[in-house]
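What follows is a short report on a single structure.
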Amino acid sequence: MIELKDIQFNDAGLVPALIRDRSGRAILMFAWMNAESFQRTVDSGEVWLWSRSRGTLWNKGATSGNRQRVVSMAIDCDGDALLLEVEPAGPACHTGSYSCFGDAPVADLRLEGLISTLEARKAEMPSGSYSASLFKSGVDRILKKIGEESAEVIIAVKGESRERVVSEISDLLFHLTVLMVDQNIDVEEINRELSGRSKEKGAVNAPMKES
């Protein structure tokens, strides 16, 4: 947990804050914080900033409704810059753009974004959602789908087009990710496991040695 004493504020009593979307890790905005806005952010779980032009604190999204819930906060190695990961309730920019650096793609299908979406489906269980139906049916159905999709990958590789192979691998990865969310397995656990298998040359060990 970052504390006020860890932060090196500048002569104006401010520290730069880079705000990033948790889903897909896109940069949303660059802003400034002072000691009070930092503490309010910590206490409320929402982004509070310092407006240099107005000379006042502001709760991001308090007027527009586009609030930003803080998921994590990091400080750089010199202690003079902050990185906030947030879940935005709407566009970050006053122009209506997704980000102050321009609009992001409509769908971010990187693993972090997919996991975030699946976690929301699991929590909300919306009707008509395929992933929600998998969570409702339980782990046996999820495992059955993984088995089916694994077989589809094999069939595609053995005799179908490259596009079909890509499609079937995507289906398999999707259902494996559903299993991760169902079992509350974080992507960092997978990253640590893979990192632990690294050899001195950086190659990844196979699960078992060949005989």
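A few notes on this one:
- Qualifying residue in region 184-193 (condition: farther than 20 Å from L111 by Cβ, modelled with pLDDT under 95 and outside any helix (DSSP H, G or I)): no
- In the set L14, L57, L4, only one residue is at negative phi and modelled with pLDDT under 95; that residue is L4.
- Members of region 2-34 found to be outside any loop (DSSP other than H, G, I, E, B), among the aliphatic types (A, V, I, L, M) and touching an Asp or Glu at 6+ places or on another chain (Cβ under 9 Å), listed by number: V15, I19, I27, L28
- Scanning region 4-24 for residues that are exposed (fewer than 11 other Cβ atoms within 10 Å of the Cβ) and small (G, A, S) yields one hit, A12.
- Top-ranked residue of region 97-142 - restricted to ones that are modelled with pLDDT of 95 or more and among the β-branched types (V, I, T), ranked as surrounded by the most Cβ atoms within 10 Å (Cβ to Cβ): I142
- Every residue from region 37-65 that is assigned to a loop (DSSP other than H, G, I, E, B) and surrounded by 15 or more Cβ atoms within 10 Å (Cβ to Cβ): V47, K60, G61
- Within region 74-95, considering residues that are among the small types (G, A, S) and under 26 Å from L118 (Cα atoms), the one modelled with the highest pLDDT: A74
The values are calculated or read from the model by the stated rules, or taken from the named source; none is laboratory data. Computed from a predicted model, the values in this text were never measured in an experiment. Here the Cβ is made from the backbone with ideal geometry for all residues, glycine too, and neighbour counts use every protein chain on show.
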